[in-house]
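The structure appears below as structure tokens.
The values are calculated or read from the model by the stated rules, or taken from the named source; none is laboratory data. Quick caveat: nothing in here was measured; it's all calculated off a predicted structure. Here the Cβ positions follow ideal geometry from the backbone for every residue, glycine too, while neighbour counts run over all protein chains shown.
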Amino acid sequence: MSPDPLAALEALFFASPEPLPRERLAALLPELSPEGLAAALEELRARYASPQSGLMLDEVAGGFRLATRPEVAEVVVRLAIVRPSRLSRPALETLAIIAYRQPITKAEVEAVRGVNIDGVLKTLGERGLIRILGRKRDPGRPMLYGTSAGFLEYFGFRDLSDLPTLAEIEALVASPHPRRTVEYDPVEEPGAGEAARGPGARPAASGPAPLPSAGPPEAGG
């Protein structure tokens, strides 16, 4: 006797360490027609749509997974689960260039950043955020890099069309939220003297650096 479709989907999502695409679900549940699978997914999504549920059916990286709802995040962090360290600024800058200009070679990324990226590229590869797409039809046949399914999962994107456009990012950077006026009592920073700072002085705020301009991607092999 086949299990209930919703129960089967729930079990698969619970057991899988990564999002499951529709094609994979169809292979795992051959007793369901494409229409039956689509209906079961929608019914499961509706079941978890209640604010009384701590879980939701999340569509990310071209697949589906069970995830905790943002509203209960502050409770989940109490588990103190050890996660990989956050990406450094150089890694994020390199990843942004690759994401918006893929397929792209290492030399082309370095031309934009102006620094060697051997270490950063190694880190991004080890974290599963980038992958080799092929080799460029140029002398030396340099490797072409692009983002991976792990990149989509890391940032919660369904696919690359979810990436904000450069125009949207530039508008966000050009129009920051207005500063708030906050009343506070200054606390002396350890090791800092009164002569170095006036009362209530704050360190200069440094805004986010704009993303490098992205032209059309080079033709890949």
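Which residue out of V72, V82, V77 is of a type in the set (A, V, I, L, M), in a loop (DSSP other than H, G, I, E, B), at pLDDT below 90 and within 30 Å of E10 (Cβ to Cβ)?
V82
Is there a residue being over 25 Å from D162 (Cα atoms) and over 23 Å from the mean Cα position of the chain (by Cα) anywhere in the range 60-82?
No; the residues of the range 60-82 include none that is over 25 Å from D162 (Cα atoms) and over 23 Å from the mean Cα position of the chain (by Cα).
Out of all the residues in the range 27-84, which are basic (K, R) and surrounded by 11 or more Cβ atoms within 10 Å (Cβ to Cβ)?
Within the range 27-84, R45, R47, R65, R69 meet the criteria.
If Y100 satisfies all but one of (1) closer than 23 Å to E18 by Cα; (2) under 14 Å from the mean Cα position of the chain (by Cα); (3) touching a residue at least 12 places away in the same chain (Cβ under 8 Å), what's the number of the condition it fails?
(1)
Specify the residue that is surrounded by the fewest Cβ atoms within 10 Å (Cβ to Cβ); the eligible residues are those in the range 138-171 that are of a type in the set (G, A, S), at pLDDT below 90 and part of a loop (DSSP other than H, G, I, E, B).
So the residue we want is G140.
In the range 102-123, which residues are part of a helix (DSSP H, G or I), of a type outside the set (A, V, I, L, M) and more than 15 Å from S148 (Cα to Cα)?
The answer is K106, E108, E110, R113, D118, G119.
If you take the residues of the range 27-59 that are of a type in the set (D, E, K, R) and more than 19 Å from the chain's Cα centre (by Cα), which of them is farthest from A15 (Cα to Cα)?
The extreme case among them is E35.
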